[in-house]
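What follows is a single structure, written as C-alpha cells, with notes after it.
The values are calculated or read from the model by the stated rules, or taken from the named source; none is laboratory data. Worth saying up front: this structure is predicted, and the values here are computed from it rather than measured. When we count neighbours, we look across all protein chains shown, and the Cβ atoms used for this are built from the backbone with ideal geometry, even at glycine.
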Amino acid sequence: MNLPPALAPGVTDPRTQTCSTAELGPLRLDCGVVMDRVTVAWRTYGSLNADKSNAVLVCHALTGDQYLADPHPVTGKPGWWHTLVGPGNLFDTERYFFICANVLGGCMGTTGPMEINPETGKPWGLSFPVITIGDMVNAQALLLDHLGIEQLFCVVGGSMGGMQVLEWAASHPRRVFAALPIATSYRHSAQNIAFHEVGRQAIMADPDWMGGDYLLHGTSPHRGLSVARMAAHITYLSEVALHRKFGRKLQNRTNVTYGFDADFQIESYLRHQGSTFVERFDANSYLYITRAMDYFDLAAENGGKLANAFKGTQTRFCLISFTSDWLFPTQESRAIVHALNAVAANVSFVEVESDKGHDAFLLDEPEFHRTLQGFLDGAAEQRGLG
Amino acid sequence: MNPSQLRFDLRMIADMVAPKTRVLDVGCGEGELLKFLRETKKVDGRGIELSMSGVSGAVRQGLSVIQGDADTDLKDYPAQAFDYVILSQTLQATRNPREVLEQMLRIGRHAIVSLPNFGHWRVRLSLLAHGRMPVTSSLGFAWYDTPNIHLCTIDDFADLTEAIGAKIEKGIAIDSSGRTRAFTPPDWKANLFGENGLFLLGNK
C-alpha cells in the first residue's frame, strides 16, 4: 500500500470510509512514550443491548484489520471472518455486538507508522515508537471507554489476535467475562521470532525501503514486503496441505523450463500471495507489528510464572489449537491450560484435528466452529444473555 | 435430566457426590455425569477427556472440559482444588496408577474410583480352567490390544490405598447382574463376586 503521506483536504480516506474512527488518549506505551492522541479505526456488527452486556471484541491477526465481515475497502475481498458473522450465524449479530478495531501500529486507519506524526507533519516511519501487544490492548481499552462498555461478554481472536485475548484476560480481568484464544501462545517462540526476522530483513534489504522513509520518497518496498509475506505464508500452512493443493504440479506448462520462472504451481501461488499483500499492507507496519509479537511473553511479564498472569481470574476460558499448526503448536496452548489449571480457572481446551496448518482458524473447520458455538452458547447462558 | 437416563455406574458415582461441591471428572467423555451433577446437585464441574469428539461434545453442552489425560494433566492443579476427583473405569489404563491416585487425593478432598475387578471369579476361572487371558463383559479386550495395562483386584486396590495413606470411606462391589453390596476390605466375597469395585476415598 502506498497512499500519499497527507491526503488532500476534502479527499476521504478509502481505508476508513466504511468504518468509525475516533481520537482517543492519552496512551502510555510500554516503551515509556506517552502518545497524547491516538486514532482508532473500528467496525461494529450487530447492536449493543440496553445494559451493554453483549459486546464481543474480535482481535485480528498480524495482517488482519477491522473489516471482519464486510468487503475490504482496498482489495474488495470479503472480510477475513465473514463466514462466521451474520444474523443467526455462529457470530450471531442478532444476539451479540461485535467490535473489531485495527490494531495500534496497523495501516488501516489506526495510528501507525504510515500515519502523519502531528508534531512533524510527516509520516511517522521509523520514528514511530515500538509497540507491544499490551499497547494494542490498551488502545482497545480506550475504545471501550469511548463506547461506554465496562465489560466485554467475550474477547476472541486467533494467532496474534489470541495473544491480545490473553493480554486482555491478564491485564483487564474484570472487563472480560469470557476469553477465546485460538491457535496462539503466551510467548513468541524462538522459531517464530526467527521467521519474523527473515521477513523484516527482506523488507529492509529492499533499496526502495529508503531507511523507512519510502512514503517521503514516493517509493515502495513492495519486493521486500512481498518476500516477507511469501516466507510467512509458508508458516501458515502445513506440508500436508501444500502437498494436497499443489504437490509438484507445474504452472501452465508440461515441462520444467530450465530457468527461474515460476515453473511450479506453489511458486506461482506464493508470488501471487506476495504481490496481492503489498496492495493492502504497509511495510513499516509489518516491521512494528511483527516486533510486538516477538516481544510478547506473558510469563516473563509475570515474574517468569505464567500462572501469575491469571491469579484470581473469574474469566471463563476456551482455548483451541489445531493438530497441524506448527507455528503455534498445541503444546503452547496446553501450557496456557496448565497455568489456568494452576489457578483453578474455568477453562476448556480442544485440539482440533485439521491438516490445514495455522490458517485453519480462518477456514471452514466444522469441529472448530461447533466448539466455538458451544462455548459461546454456554457462556451466554451464564451471563444471562438469552 | 432424569436419573434413570444416566448410565448405571455413573448414577452410583453421582450418589456419592454431595450437592454444591466442586468436582473434577477425569475421563469425562461428553460430560454426561458432569451435566447430571450440574443439573441435579448444582455442582461446579470440570472435566478432562482424551478424545476431541468427547471434549467438543462436552464444551457444546456448556461444560468446562480440557483435552488431556490423567497421567499428565493432574499435576498442575493446586492442592485441594476440588471436593471430588472422579476416575471411572480408567485407573487400569493409566501409565502410573499410583501417582494418578496420589494426585487425585492431593487436588481433591475425596477421590471416587471405579475399576474392573481382576479377582472376579470369571477371570479366575478363565485362567484356571482354560489357561487363557480372560475376556469378560467389563474386560472386553484381547491381551494384545487392551488399553488396560495395569489391572488389579479389589484387594490389590485396597492395598494401594493403604500404601499411599488414603482412607476407604465407602466400598461397593457390583456383581455381573448389577447387584451392589457395600463392604470394607479385605472382603473375600467382594473380591470374588464383584465384577466392578467402586470406592470413595479420603485423606487420612
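Below is a table of values for the structure above.
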| item | result |
| --- | --- |
| Matching strands (runs of 3 or more DSSP E) fully within the stretch B:112-204 where at least 1 residues are in contact with a helix residue (DSSP H, G or I) (Cβ under 6 Å, 6 or more places away or on another chain) | B:166-174, B:196-203 |
| Yes/no for residue A:167 being among the charged types (D, E, K, R), assigned by TED's automatic domain parsing to the domain that holds residue A:311, surrounded by fewer than 24 Cβ atoms within 10 Å (Cβ to Cβ) and modelled with pLDDT of 95 or more | no |
| Top-ranked residue of the stretch B:140-171 - restricted to ones that are small (Gly, Ala, Ser), surrounded by 12 or more Cβ atoms within 10 Å (Cβ to Cβ) and closer than 17 Å to residue B:100 by Cβ, ranked as farthest from the chain's Cα centre (by Cα) | B:166 |
| Any hit, the stretch B:141-152, residues being within 17 Å of residue B:195 (Cα to Cα) and not hydrophobic (A, V, I, L, M, F, W, C) | yes |
| Breaking point among (1) crowded, with 24+ Cβ neighbours inside 10 Å; (2) under 26 Å from residue A:50 (Cα atoms), for residue A:158 | (2) |
| The stretch A:349-372: number of residues that are over 21 Å from the mean Cα position of the chain (by Cα), in a helix (DSSP H, G or I) and more than 7 Å from chain B (Cβ to nearest Cβ) | 1 |
| Subset of the stretch B:121-139 that is within 30 Å of residue B:84 (Cβ to Cβ) and more than 17 Å from the chain's Cα centre (by Cα) - its residue that is modelled with the lowest pLDDT | B:136 |
| Selection within the stretch A:373-385 - more than 7 Å from chain B (Cβ to nearest Cβ) and touching a strand residue (DSSP E or B) at 6+ places or on another chain (Cβ under 6 Å) | A:379, A:383 |
| Enumeration of residues in the stretch A:322-348 that are in contact (Cβ under 8 Å) with a residue 60 or more places away in the chain and at the interface with chain B (Cβ under 8 Å from one of its Cβ atoms) | A:339 |
| Tabulated pairs, the stretch A:114-125, first among the hydrophobic types (A, V, I, L, M, F, W, C), second exposed (fewer than 14 other Cβ atoms within 10 Å of the Cβ) and in a loop (DSSP other than H, G, I, E, B), C-beta under 7 angstrom, 6+ apart or interchain | A:116/A:6 |
| Qualifying position, being assigned to a loop (DSSP other than H, G, I, E, B), in the same structural domain as residue A:355 (by TED's automatic domain parsing) and at negative phi, among A:328, A:260 | A:328 |
| Criterion (under 26 Å from residue A:377 (Cβ atoms), touching a residue at least 24 places away in the same chain (Cβ under 8 Å), surrounded by fewer than 24 Cβ atoms within 10 Å (Cβ to Cβ) and within 11 Å of chain A (Cβ to nearest Cβ)) met by exactly one of B:57, B:31 | B:57 |
| Residues of the stretch A:215-235 classified as buried (at least 16 other Cβ atoms within 10 Å of the Cβ) and either touching a strand residue (DSSP E or B) at 6+ places or on another chain (Cβ under 9 Å) or not in a helix (DSSP H, G or I) (or both), total | 3 |
| Condition met for residue B:22 (touching a residue at least 60 places away in the same chain (Cβ under 8 Å) and among the basic types (Lys, Arg)) | yes |
| Which listed residue, of A:291, A:334, is touching a strand residue (DSSP E or B) at 6+ places or on another chain (Cβ under 8 Å) and either modelled with pLDDT of 95 or more or in a helix (DSSP H, G or I) (or both) | A:334 |
| Boolean, residue A:319 is modelled with pLDDT under 95, outside any helix (DSSP H, G or I), within 14 Å of another protein chain (Cβ to nearest Cβ) and in contact with a helix residue (DSSP H, G or I) (Cβ under 9 Å, 6 or more places away or on another chain) | no |
| Unique residue being more than 17 Å from the chain's Cα centre (by Cα), hydrophobic (A, V, I, L, M, F, W, C) and surrounded by 14 or more Cβ atoms within 10 Å (Cβ to Cβ) when the list is A:204, A:293 | A:204 |
| Any hit, the stretch B:85-95, residues being at pLDDT below 95, surrounded by fewer than 21 Cβ atoms within 10 Å (Cβ to Cβ), under 18 Å from residue A:323 (Cα atoms) and not aromatic (Phe, Trp, Tyr) | no |
| Candidates B:71, B:76, B:83, filtered to the one that is more than 7 Å from every other protein chain (Cβ to nearest Cβ) and out of contact with any strand residue (DSSP E or B) (no Cβ under 8 Å at 6 or more places or on another chain) | B:71 |
| Top-ranked residue of the stretch A:357-366 - restricted to ones that are farther than 11 Å from residue A:159 by Cα and out of contact with any Asp or Glu (no Cβ under 7 Å at 6 or more places or on another chain), ranked as surrounded by the fewest Cβ atoms within 10 Å (Cβ to Cβ) | A:366 |
| Every residue from the stretch B:15-26 that is surrounded by fewer than 21 Cβ atoms within 10 Å (Cβ to Cβ) and either in contact with a Phe, Trp or Tyr (Cβ under 9 Å, 6 or more places away or on another chain) or not in a helix (DSSP H, G or I) (or both) | B:16, B:18, B:19, B:20, B:21, B:22 |
